[in-house]
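The values are calculated or read from the model by the stated rules, or taken from the named source; none is laboratory data. This is a predicted model, so every value here is computed, not measured. Cβ: placed from backbone, ideal geometry, glycine included. Neighbour counts: every protein chain shown.
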């Protein structure tokens with residue numbers, strides 16, 4: 001019987017948890033992302049949406065489970081960069097990220113589905129892009145990697161060649177701040193990953 | 001015909017290059033790691049050993065190839081932390097990393113095996129460990145992840161739950177600074193990853 005539920009449709013979050021040898025099931029959270037005000041500061045926005053996702057999955061859980069919800073946004077000058085709507089949108093996003101830093105926020109919400117014990121937190125990681133040429137941006141868009149990703153890049157794939165450095169948790173950029181999550185699971189929910 | 005040669009036995013470097021969709025062959029460099037003075041500053045040490053590895057592979061190459069050598073060291077207070085010699089050594093290393101930062105240096109050397117055109121560089125990434133309990137360290141050692149890794153941890157695996165943040169290129173810690181490498185391949189060797 002798996003005790004942990006990941007309330008996320010993200011294949012990257014699934015991969016991060018698998019990489020930690022955690023046994024878990026996935027429940028698709030069916031959360032309405034538009035229900036949270038995008039005018040909120042990023043750290044509040046991601047915590048808010050992470051908790052909506054976690055509780056949406058809790059509702060679908062009869063047995064006692066530890067449910068993890070998460071949400072990630074990419075921000076540039078306090079503006080959210082979401083998944084690109086098309087190639088032109090992706091081009092403009094990558095052009096705006098070129099030669100400067102932006103921030104990635106991931107909120108996590110962990111809930112015990114029976115006791116309702118819960119814990120919410122977020123992590124912020126700064127990401128520094130090198131200067132990109134238009135040709136590089138076009139070639140990258142052609143690889144197809146960017147279309148399903150907030151900010152139009154994947155740090156774990158080809159996007160890595162654009163990133164000079166980060167300051168913060170790498171996995172927070174991929175979609176789940178593992179150091180923080182492991183600490184919460186251990187200290188608050190007695191779930192030890194090691 | 002593959003143009004790129006990776007002069008490294010590291011499965012993690014192989015995985016990083018594969019992840020960038022680069023076609024390459026591997027030549028085991030047969031380099032004598034003891035031939036480089038460990039009293040050198042870390043950035044010189046890794047560049048020196050990266051070049052020894054690259055040229056060792058060049059010697060085995062008849063056709064024209066772009067050969068990549070690399071070497072990574074973990075340093076704490078200017079002391080090198082190598083692969084642990086046993087469980088006790090691993091415990092002492094992880095204990096020394098607990099609750100503070102250390103630095104990881106990777107040197108890369110890229111050589112055209114016919115023209116001898118070559119380029120050497122290094123990257124440094126600072127890694128911040130949270131405070132670890134002795135029990136956590138013992139549990140981590142029991143997973144077996146640490147034994148073949150410099151510094152006795154793997155940032156890409158379970159070791160990630162110890163790492164609060166990094167400052168620098170994530171892949172530099174895994175073993176290959178991809179942003180720097182891609183820039184060198186493109187600008188110096190006309191090899192475009194995208």
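What is the residue count in the stretch B:155-184 for residues that are out of contact with any strand residue (DSSP E or B) (no Cβ under 7 Å at 6 or more places or on another chain), touching a residue at least 12 places away in the same chain (Cβ under 8 Å) and more than 22 Å from residue A:101 (Cβ to Cβ)?
Restricting attention to the stretch B:155-184, the residues satisfying the condition of being out of contact with any strand residue (DSSP E or B) (no Cβ under 7 Å at 6 or more places or on another chain) are B:156-161, B:171, B:174, B:178, B:182-183.
Going one step further and asking which of them are touching a residue at least 12 places away in the same chain (Cβ under 8 Å), we end up with B:156-159, B:171, B:174, B:178, B:182.
So of that shortlist, the ones also more than 22 Å from residue A:101 (Cβ to Cβ) come out as B:156-159.
Total meeting the criteria: 4.
Given the options B:105, B:122, B:153, B:128, name the one that is at the interface with chain A (Cβ under 10 Å from one of its Cβ atoms), modelled with pLDDT of 95 or more and closer than 25 Å to residue A:166 by Cβ.
Numbers: B:105 fails: at the interface with chain A (Cβ under 10 Å from one of its Cβ atoms); B:122 fails: at the interface with chain A (Cβ under 10 Å from one of its Cβ atoms); B:153 fails: at the interface with chain A (Cβ under 10 Å from one of its Cβ atoms).
The unique qualifying residue is B:128.
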Scanning the stretch A:132-170 for residues that are within 21 Å of the chain's Cα centre (by Cα) and assigned to a loop (DSSP other than H, G, I, E, B) gives A:144, A:145, A:146, A:147, A:148, A:149, A:153, A:154, A:155, A:156, A:157, A:169
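Within the stretch B:163-194, count every residue that is within 7 Å of chain A (Cβ to nearest Cβ) and modelled with pLDDT of 95 or more.
At the first step, the residues of the stretch B:163-194 found to be within 7 Å of chain A (Cβ to nearest Cβ) are B:163-171, B:178-179, B:182, B:193-194.
Of the ones still in play, those that are also modelled with pLDDT of 95 or more are B:163-171, B:178-179, B:182.
Summing the residues that are within 7 Å of chain A (Cβ to nearest Cβ) and modelled with pLDDT of 95 or more in the stretch B:163-194 gives 12.
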For the condition closer than 16 Å to residue A:10 by Cβ and either surrounded by fewer than 16 Cβ atoms within 10 Å (Cβ to Cβ) or free of Cβ contacts under 8 Å to residues at least 12 places away in the same chain (or both), what is the one hit in A:71, A:148? A:148
Scan the stretch A:106-133 for residues that are over 19 Å from residue A:182 (Cβ atoms), in contact (Cβ under 8 Å) with a residue 40 or more places away in the chain and touching a helix residue (DSSP H, G or I) at 6+ places or on another chain (Cβ under 9 Å) and jot them down. A:113, A:127
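Among the residues of the stretch B:26-52, count how many are in contact with a helix residue (DSSP H, G or I) (Cβ under 6 Å, 6 or more places away or on another chain) and touching a residue at least 24 places away in the same chain (Cβ under 8 Å).
Quick first cut of the stretch B:26-52, residues in contact with a helix residue (DSSP H, G or I) (Cβ under 6 Å, 6 or more places away or on another chain) only: B:27, B:29-31, B:36.
After this cut, where a residue has to be touching a residue at least 24 places away in the same chain (Cβ under 8 Å) as well, the list is B:27, B:29-31.
Residues flagged as in contact with a helix residue (DSSP H, G or I) (Cβ under 6 Å, 6 or more places away or on another chain) and touching a residue at least 24 places away in the same chain (Cβ under 8 Å) within the stretch B:26-52 amount to 4.
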Somewhere in the stretch A:76-91, is a residue over 24 Å from residue B:169 (Cα atoms), in a strand (DSSP E or B) and free of Cβ contacts under 8 Å to residues at least 12 places away in the same chain? yes
Considering only the stretch B:40-75, state which residues are touching a strand residue (DSSP E or B) at 6+ places or on another chain (Cβ under 6 Å) and in a loop (DSSP other than H, G, I, E, B). B:65
If we scan the stretch A:66-86, do we find a residue that is touching a helix residue (DSSP H, G or I) at 6+ places or on another chain (Cβ under 9 Å) and more than 25 Å from residue A:44 (Cα to Cα)? no
